[in-house]
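The values are calculated or read from the model by the stated rules, or taken from the named source; none is laboratory data. Bear in mind the structure is a predicted one, so any value in this text is a computation, not a measurement. Counting neighbours? That spans all protein chains shown, and the Cβs are built from the backbone with ideal geometry, glycine included.
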Amino acid sequence: MSALDNSEAKRSALEDALNLESLHPTSLRVGTRANGELEVRVDVFGGQKKIFPVLWTDSPARKTFAEREERVAPDGSFQGLEFDQLYVAADIAKPLAADLRKWRVNHADLNGRLFLAGDGYYIAREPLIAKHRNPVAEPSLFTAKASRIVRFLLSERNTLWTQDEIVACTQTSRGYVSRILGTLIDGGYVEKARYSGRQASYRLIDFDRLLDAWVREDNFPKRVKRVEYSVLASDPMEIAAQVRDALQGSPFYFTQWIAAWLRKPYTTPPIVSLYVPEDVASRFELGRKVSNGGNLWLLVPEDIGVFQGNQYVDNFPLVCDPQIYLDLIGSGLRGPEAADALREWRGFAKQ
């Protein structure tokens with residue numbers, strides 16, 4: 001349930017919904033409480049008044065009332081306390097409304113649906129219009145799935161891409177790509193270009209702001225599982241070469257210090273880290289596994305998107321530059337310095 005929205009617009013919409021033509025009970029009034037919250041007042045049997053605080057949601061759902069569903073007896077009767085609030089949304093679908101009635105949850109929507117039931121009162125009305133819909137939340141740009149599209153656009157910052165190309169390279173659906181592109185355009189990160197006789201193309205127009213937004217939202221420890229190893233070799237390039245030989249034929253991509261070093265040398269990599277699938281990590285046998293302090297890290301990602309947009313430097317497979325930066329900027333061991341040096345390099349995210 002979302003927090004109550006007490007805007008005047010919602011109050012007006014609720015008043016209109018409760019006063020539709022032929023749905024005009026003189027006993028119903030929408031009011032505002034002393035604390036600014038909305039309420040609905042109803043005249044009930046015996047001249048008494050019943051006041052229902054309005055509980056507004058933008059996403060009506062059954063799971064909100066799971067505990068009330070459990071109170072329905074096998075014979076269909078409901079065993080529980082009266083729901084003394086009015087659950088309100090822009091639109092409550094008919095199947096959900098039927099369940100809410102069964103669970104004795106007072107509810108209403110902006111299309112005129114209304115259900116109030118208790119001691120001395122019972123009002124059940126179906127909606128007469130279909131004017132209002134629940135708002136569709138803007139998709140997050142930095143979930144595991146959405147970041148595939150963000151990563152792809154950032155990896156070659158000056159390239160024009162068609163929607164078909166983005167769908168194919170990110171392995172996401174056309175509808176999903178369309179939604180994320182729409183959010184990127186609305187946010188001023190991307191612009192749409194159309195040429196005569198050609199499919200529309202999309203261009204990244206605010207590279208730095210989009211990358212910075214991704215950094216703010218990223219949680220590296222949450223999106224990877226790290227397995228550490230201690231390897232006898234001390235030279236990071238020697239370790240990387242041993243790993244490359246050991247994993248020949250398996251998917252793997254270096255990141256963080258070693259990848260930044262290969263792209264734009266700044267400081268000697270203290271750790272060699274690379275992304276691998278779960279099955280590769282489970283059968284890896286180079287070095288001794290340790291709980292911490294290892295000089296070799298295997299990173300199992302939550303999403304295969306990190307394997308997309310990769311590059312090769314001196315025969316070493318690396319993740320794309322924005323991914324290197326993202327993985328490195330929040331790390332220690334002079335990682336942020338190496339990340340900034342890479343980003344300031346004129347070849348950053350340009351293949």
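List the number of the failed condition for Ile123; all other conditions in (1) assigned to a strand (DSSP E or B); (2) modelled with pLDDT of 90 or more hold.
Just one mismatch for Ile123, condition (2).
Would a scan of segment 300-310 turn up a residue that is assigned to a strand (DSSP E or B) and surrounded by fewer than 22 Cβ atoms within 10 Å (Cβ to Cβ)?
Taking every residue of segment 300-310 in turn, at least one turns out to be assigned to a strand (DSSP E or B) and surrounded by fewer than 22 Cβ atoms within 10 Å (Cβ to Cβ).
Step by step: first the residues of segment 212-269, then only those that are among the aromatic types (Phe, Trp, Tyr) and either under 22 Å from Ala349 (Cβ atoms) or assigned by TED's automatic domain parsing to the domain that holds Gly187 (or both), then the one that is nearest to the chain's Cα centre (by Cα). Which residue is that?
Here the residue is Trp214.
List pairs: first residue in segment 159-181 and touching a residue at least 40 places away in the same chain (Cβ under 8 Å) and farther than 12 Å from Gln308 by Cβ, second residue hydroxyl-bearing (Ser, Thr, Tyr) and buried (at least 16 other Cβ atoms within 10 Å of the Cβ) anywhere in the structure, Cβ distance under 6 angstrom, at least six positions apart or on different chains.
Close Cβ pairs satisfying both conditions: Leu160/Ser201; Trp161/Tyr202; Thr162/Ser201.
Residues in segment 193-206: is at least one basic (Lys, Arg), in a helix (DSSP H, G or I) and at pLDDT below 90?
no
Can you name the residue in segment 223-267 that is in a strand (DSSP E or B) and of a type in the set (Val, Ile, Thr) and, of all such residues, is farthest from Lys289 (Cα to Cα)?
Per the stated criteria, the residue is Thr255.
Could you check segment 39-68 and list, in sequence order, the residues that are in a helix (DSSP H, G or I), more than 26 Å from the chain's Cα centre (by Cα) and surrounded by 14 or more Cβ atoms within 10 Å (Cβ to Cβ)?
Matches in segment 39-68: Arg68 only.
So Ser331 passes all but one of these: (1) in contact (Cβ under 8 Å) with a residue 60 or more places away in the chain; (2) surrounded by fewer than 19 Cβ atoms within 10 Å (Cβ to Cβ); (3) part of a helix (DSSP H, G or I); (4) not charged (D, E, K, R). Which condition number does it fail?
Exception for Ser331: condition (3).
Can you find even one residue in segment 114-125 that is closer than 30 Å to Ser12 by Cβ, crowded, with 17+ Cβ neighbours inside 10 Å, in contact (Cβ under 8 Å) with a residue 60 or more places away in the chain and in contact with a helix residue (DSSP H, G or I) (Cβ under 7 Å, 6 or more places away or on another chain)?
Yes - at least one qualifying residue is present in segment 114-125.
Can you tell me which condition Ala281 does not meet? The list is (1) assigned to a helix (DSSP H, G or I); (2) among the aliphatic types (A, V, I, L, M); (3) surrounded by 21 or more Cβ atoms within 10 Å (Cβ to Cβ), and all the others hold.
(3)
Pick from segment 281-317 the residues that are out of contact with any helix residue (DSSP H, G or I) (no Cβ under 8 Å at 6 or more places or on another chain) and on the phi > 0 side of the Ramachandran plot: which of them is modelled with the lowest pLDDT?
Gly287
Residues of segment 74-93 being touching a residue at least 12 places away in the same chain (Cβ under 8 Å) and either assigned to a helix (DSSP H, G or I) or over 21 Å from Glu37 (Cβ atoms) (or both), which ones?
Gly76, Phe78, Gly80, Asp91, Ala93 - these are the residues of segment 74-93 that are touching a residue at least 12 places away in the same chain (Cβ under 8 Å) and either assigned to a helix (DSSP H, G or I) or over 21 Å from Glu37 (Cβ atoms) (or both).
Can you tell me which residue among Tyr253, Tyr229 is touching a Leu at 6+ places or on another chain (Cβ under 7 Å) and closer than 22 Å to Lys145 by Cβ?
Result: Tyr253 is the single residue among Tyr253, Tyr229 that is touching a Leu at 6+ places or on another chain (Cβ under 7 Å) and closer than 22 Å to Lys145 by Cβ.
Let me confirm something: among Thr183, Thr159, which residue is of a type in the set (S, T, N, Q), assigned to a helix (DSSP H, G or I) and outside the structural domain of Glu39 (by TED's automatic domain parsing)?
The conditions single out Thr183.
Would you point out which residue out of Leu141, Leu100 is assigned to a helix (DSSP H, G or I) and either among the aliphatic types (A, V, I, L, M) or farther than 30 Å from Gly47 by Cβ (or both)?
From the options Leu141, Leu100, the qualifying one is Leu100.
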